[in-house]
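Step one of this worksheet: look at the structure below.
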Amino acid sequence: MVATEASVSAAAPDTRGVGPLLRAWRERRRISQLELALRADSSARHISFVETGRSRPSEEMVLRLAEHLDVPVRERNALLLAAGYAPRYPETPLDDPALDALRDGMERLIQGYEPYPALVVDAGYTVVAANRGITMLLDGVPEKLLQPAPNAMRLTLHPEGLAPRIRNLREWRGHLVAQMERQLALHRSDQLRALYEEVTAYPVAGDAPGEEPEEPVPYFALPMRIEHEGRILSFVSSISTFNTPMDVTVAELAIETFLPADPATAKFLHGLEG
């Protein structure tokens, strides 16, 4: 269902040092040393010295470069550790009382979105909150996929999950797999790698030789077309994250909302409220 740019590995010092890590981030972002220097109010010479280990950047410089390279919060801690500094961003457990207001706000948000489906996931795609619209779509999914902590990718692509009911499974699966691949290219995460290998190994329904594809339907974005109680519901999804998070846990949360992609789906969902 959802994909979010986040790492699930714990921050730890990198034996390569901060220079190679910063260079790797710069190259991923396809930014030259000169461009990064201009953005960070530095010089290309200094950036070069930092990347080659000839110069140790200050804590402020590490954070400034990370900001301009759009490095995720967890990985900023890893950069600081590699440079010999203490992590800047805490990682507060989601059930900590300090996050009571956050949890309450997210619950109110997704409940207010009903009758449309909405859910909240963490960096490992674990569902931490969901509304009744999601519960409706999961009707019939076996309990083993729902407990103890359901995973959105597993629920969507597992052959006993939603996959058999998703009419455009090849397209939707391709969309989700591509997003996971982009995450893996940016982040070190054994958990995410294991999940990726698991879900990509699932058999894809509808691979029978000679099967004709369905006629394409014009939509304004790629929909998830799912069968429910004998009808086809179509949804497009939108993902929201928190602006300028100062905590790793908060930075890695994502709220995914599903918008009806056609009038028939909207009419059916609103009919459930009656």
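No value in this document is a laboratory result; all are computed from the given coordinates. Nothing here was measured: the structure is a model prediction, and the numbers come from that model. Cβ: placed from backbone, ideal geometry, glycine included. Neighbour counts: every protein chain shown.
Take the alpha carbon gyration tensor of segment 106-152, find the square roots of its eigenvalues, order them as a ≥ b ≥ c, and report rounded if a/c is under 1.5; if not, report prolate when a/b exceeds b/c, else oblate. Intermediate values should be presented prior to the final figure.
Numbers: a/c = 2.67, a/b = 1.27, b/c = 2.11.
Here segment 106-152 falls in the oblate category.
For segment 129-141, backbone phi angles converted through the Karplus equation (6.51, -1.76, 1.60; θ = phi - 60°) give residue-by-residue couplings of 6, 7, 9, 5, x, 5, 4, 4, 5, 8, 4, x, 6 Hz, Gly and Pro being listed as x. Fraction of C-alpha pairs exceeding 27 angstrom in the chain: 47 percent, rounded to a whole number. Relative to the longest principal axis of the Cα atoms of the chain, the long axis of helix 100-112 makes an angle of roughly 40 degrees. Against the chain, whose longest principal axis is taken from its Cα atoms, helix 18-28 shows a tilt of about 50°.
The GluC sites (Glu not before Pro) found in segment 24-132 include none that occupy coil by DSSP while having at most 14 further C-beta atoms within 10 Å.
The listed peptides 176-189, 159-172, ordered by packing as a protection proxy, come out as 159-172, 176-189 (highest mean of other Cβ atoms within 10 Å first).
Please identify the trypsin sites (Lys or Arg not before Pro) of segment 22-125 that satisfy two criteria: DSSP loop assignment and at most 11 other Cβ atoms within 10 Å. Which are they?
Sparse-neighbourhood loop trypsin sites (Lys or Arg not before Pro): Arg30, Arg54.
Length available on full extension from Arg132 to Met246: 0.36 nm per residue minus the Cα-Cα distance, which gives 38.0 nm. Calculated mean residue ellipticity, 222 nm, the chain: -12000 deg cm²/dmol, from DSSP H runs (n ≥ 4) at -39500 (n - 2.57) each, averaged per residue and rounded to 500. The C-alpha atoms of the chain define a longest principal axis, and helix 169-186 lies at about 10 degrees to it.
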